[in-house]
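Enquirer: Supplied in structure tokens, the structure appears directly below.
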Protein chains: 2
Amino acid sequence: MRTATIPDVIVGRLPLYLRALSQMAGEGKEITSSQELGEQLGISSAQIRKDLSQFGEFGKQGTGYNTKYLAEQLRRILKVDRVWEVALVGLGDLGHAVAHYGGFVDRGFRIVVLFDDDPAKIGKDVGGMPIQDAAQMTGEIRRRGIRVAMLAVPAASAQAAADDLVRAGVQAILCYAPTNILVPENVQVRYIDPVVGMQHMTHYLP
Amino acid sequence: MRTATIPDVIVGRLPLYLRALSQMAGEGKEITSSQELGEQLGISSAQIRKDLSQFGEFGKQGTGYNTKYLAEQLRRILKVDRVWEVALVGLGDLGHAVAHYGGFVDRGFRIVVLFDDDPAKIGKDVGGMPIQDAAQMTGEIRRRGIRVAMLAVPAASAQAAADDLVRAGVQAILCYAPTNILVPENVQVRYIDPVVGMQHMTHYLP
């Protein structure tokens, strides 16, 4: 498979290209250029051309990129030309916001099961789904063959919840808990921590 | 200033080191090593030693790092040895969750003003603060000298809100809206988009 050798840092930029291209296509813009994409994303046009050339010939010299076609190709490469079923673990304030968010399906993800270990929450409905007992999580995720999960539990519970997810067969975890979790090598984790982003910026503030 | 020449990719890892070290220090662990930090963070110990050496001599060969001391130094470098006042714009589900989140202050940030343009929300109390009319935002932020903002508005409103923030003197924006915003060169933006993280992972799923 050709994409197996693409550097991870490039793979990480593809979702940004896809987001910008989908937006352009949605606004009826048929053609764009690496210059235009670059200005929007704050990435150099040379970098964009180089990144995209790793995956094949998407644009012709001088004619630019067809937004819809390139978005389709990126969806295929990122494997979001399908919709992944997602388990959401932890229904605190953030988990509720995530469960209610309407922007996942168009981009390849649908939250289909909710879990929490708080008896006061179990059985309640959020976004049309019942919150299920976390004690049933491993069986339920395995039964449904779910491989992607979002973890919105407190930091102190994150490792135990991640262990359960891994045991259930989950291979990709988006972790909102402000801590690092340890997982086997065949499992991927990406973190969402707003403070990490803000501290990165304050370093540069005069 | 010595830190001015540190590559941005290294600066971006420092908040992760700080988070792990703070956690260790909080658990009463006085000494750690680049090996231990690396295992926890999934970063090689050589990389960690190299990153930290950019900022000075934090550990002695063979004795490891003092968690509390190194955390203090990283706080100073990241300029979170103080607490930054933050404006939060957009009080939808996500904005509410962000406003209620208790984990910012210990890490250098305190949300002090809330803005939304929805008349049904203005005046309501969230986390002990009233939601203020976004029409007053520029004046209020300028008056208070706030330089950091979190943007939790829908994608379609993000650019206009960012323009207002920039006009008010904000220099660092954490953008939760799933879109790219254009800002002047002296303003920093970092993005929080869960789908970008998930699409990055699905690329690798077999």
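Throughout, read-outs are computed from the coordinates displayed, never taken from laboratory work. The shown structure was predicted, so the numbers you read here are calculated from the model rather than taken from an experiment. In this analysis, Cβ positions are derived from the backbone assuming ideal geometry, glycine residues included, and neighbour counts consider all displayed protein chains.
Enquirer: Listing B:Arg144, A:Arg110, A:Arg49 from the residue with the fewest other Cβ atoms within 10 Å to the one with the most, what is the order?
Expert: Lowest to highest Cβ neighbour count: A:Arg110, B:Arg144, A:Arg49.
Enquirer: Please give the net charge around A:Asp81, taking every other residue with its beta carbon less than 9 angstrom from that of A:Asp81, where Lys and Arg add +1 and Asp and Glu add -1. Please list the in-between numbers first.
Expert: Details: positive: A:Arg75, A:Arg76, A:Lys79, A:Arg82; negative: A:Glu72.
Charge balance in the 9 Å sphere: +3.
Enquirer: Turning to a different aspect of this structure: Just to be sure I understand: if I project the alpha-carbon convex hull of the protein assembly as shown onto a plane and average over all orientations, what area do I get in nm²?
Expert: 21.3 nm²
Enquirer: While we're here: For the rotation that brings chain B onto chain A, whose beta-carbon in chain B is nearest the axis, and what is that distance in whole angstrom?
Expert: Nearest to the symmetry axis by Cβ: B:Ala97, 2.
Enquirer: Sticking with this one: Determine the principal axes of the Cα atoms in chain B, then give the extent along each, sorted from largest to smallest and rounded to whole angstroms.
Expert: Extents along the principal axes, in whole Å: 61, 46, 34.
Enquirer: Given points 7 Å out from each Cα along the Cα-Cβ axis, report the A:Lys124 to A:Glu39 separation in nanometres with one decimal.
Expert: About 4.7 nm, to one decimal.
Enquirer: What is the pair-distance distribution P(r) of segment B:33-148, computed from all Cα-Cα distances in 5 Å bins starting at 0, with each bin given as a whole percent?
Expert: Computed distribution, short to long bins: 2, 10, 16, 15, 12, 9, 9, 9, 9, 6, 2, 0, 0.
Enquirer: Order these peptides, A:176-189, B:86-99, by their mean beta-carbon neighbour count within 10 angstrom, highest first.
Expert: The packing order, highest mean first, is B:86-99, A:176-189.
Enquirer: Over chain A, how many pairs of lysines fall under 22 Å by alpha carbon, counting only those 8 or more apart in sequence or from different chains? Mind showing how you got there, number by number?
Expert: Working: A:Lys29/A:Lys60; A:Lys29/A:Lys68; A:Lys50/A:Lys60; A:Lys50/A:Lys68; A:Lys50/A:Lys79; A:Lys60/A:Lys68; A:Lys68/A:Lys79.
Total qualifying Lys-Lys pairs in chain A comes to 7.
Enquirer: Quick one, could you list the DSSP H helices from chain A stretching 18 Å or more along their long axis (Cα atoms) with average Kyte-Doolittle hydropathy of -0.5 or above? Before the final figure, lay out the partial values.
Expert: Values: long enough: A:8-26 (28 Å, 0.69); A:155-167 (19 Å, 0.23).
Within chain A the helices that satisfy the rule are A:8-26, A:155-167.
Enquirer: So, one more: Starting from the exponent 0.38 and prefactor 2.2 Å, build the expected Rg for segment A:84-193 from its residue count and divide its actual Cα Rg by it.
Expert: Cα Rg divided by the expected 2.2 N^0.38 Å: 0.95.
Enquirer: I would also like to ask the following. Out of every Cα pair in segment B:2-77, what percent are spaced more than 22 Å from each other?
Expert: 12 percent
Enquirer: Follow-up question, since we're still on this one. For the pair B:Ile6 and B:Gln136, how long in nm is the line joining their label points, each one 7 Å along Cα→Cβ?
Expert: 3.9 nm
Enquirer: May I pose another question? For n ≥ 4 DSSP H runs only, could you compute -39500 (n - 2.57) per run for chain A, divide by its residues and tell me the 222 nm figure to the nearest 500?
Expert: Working: 8 runs with 85 residues, N = 206.
So the helix-based figure for chain A works out to -12500 deg cm²/dmol.
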